[in-house]
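For reference, the structure discussed in these notes is given below.
Readers should treat all values here as calculations from the given coordinates under stated rules, not as data from a laboratory. For clarity, every value in this text was computed on a predicted model and none was experimentally measured. Cβ atoms come from the backbone with ideal geometry, glycine included; neighbour counts cover every protein chain shown.
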Amino acid sequence: MNIHGIRAIYRFEMARTFRTITQSIASPVLSTSLYFVVFGAAIGSRMGDIEGVSYGAFIIPGLLMLSLLNESISNASFGIYMPKWAGTIYELLSAPVSYVEVVIGYVGAAATKSLLLGVLILITARLFVPYEIAHPFWMLCFLVLTAVTFSLFGFIIGLWADDFQKLQLIPLMVVMPLTFLGGAFYSIKMLPPVWQTVTLFNPVVYLISGFRWSFYGVADVNVGVSVAVILGFLVACLAAVWWIFKTGWKLKA
């Protein structure tokens, strides 16, 4: 394992984050804080509890997951797309580093940024809405698994994209709608039975449900199923990355 190669990629990506800290960190935290102000402090105070949890506290896991998914995808996709766009990816491919080390460097940096952002959002949420974490260990596990998995997914998007517009296509047209419809602001048990069944085909439901369970001990679906879904998606992303580097798809063309 070429530790120096991994460290070089990781440090370069982290340095880019701190050069653009306003866009990378401050902007997502500020945007999420507005949700806490509007839905948590203002509207939440006028709504009843959901499964014994105040509405303002209930939406915290969903809002955190919304930011985590978008930022993990964006950080990883932009990180690997820039070498493709600049043409420096050929130097990376010819360097004495394996594709495993390349993935660890880029995905590790993207996941680190997302985890840092997640911690800052949790701290910020405390200023507006009181909340408790019933299962801190499992909350951390869900946070790390989600950040790593969707950073891998973003890495794949960055390899697939041919222009800057495609980098935002899947996050805006697919991931964000699925998150809003996946119980970020409500429990799917509040839906009519037919729509509850339809919603179960949305994979983000399992992420938000499992994450919310780690906070309050309540979930829309079985926690074991939530863990299985995210692990399954992680394995699928790893398989896709292996195939891309094995075949050179979108890399050597």
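General observations
- Helices (runs of 4 or more DSSP H) enclosed by region 48-121 - at least 1 residues per element that are more than 19 Å from residue 36 (Cα to Cα) and touching a residue at least 24 places away in the same chain (Cβ under 8 Å): 60-86, 89-94
- Residue satisfying all of: in region 177-199; among the small types (Gly, Ala, Ser) and in contact with an Asp or Glu (Cβ under 7 Å, 6 or more places away or on another chain); nearest to residue 53 (Cα to Cα) among these: 187
- Search result, residues across region 228-253 that are in contact (Cβ under 8 Å) with a residue 60 or more places away in the chain and within 19 Å of the chain's Cα centre (by Cα): 230, 231, 233, 234, 237, 238, 240, 241
- Condition met for residue 133 (surrounded by fewer than 24 Cβ atoms within 10 Å (Cβ to Cβ), among the aliphatic types (A, V, I, L, M) and more than 20 Å from residue 241 (Cβ to Cβ)): yes
- Residue match in region 16-32 (condition: aromatic (Phe, Trp, Tyr) and under 15 Å from residue 184 (Cα atoms)): no
- Only one of the listed residues (21, 3) is closer than 26 Å to residue 100 by Cβ, surrounded by fewer than 13 Cβ atoms within 10 Å (Cβ to Cβ) and either of a type in the set (A, V, I, L, M) or touching a strand residue (DSSP E or B) at 6+ places or on another chain (Cβ under 9 Å) (or both). That residue is 3.
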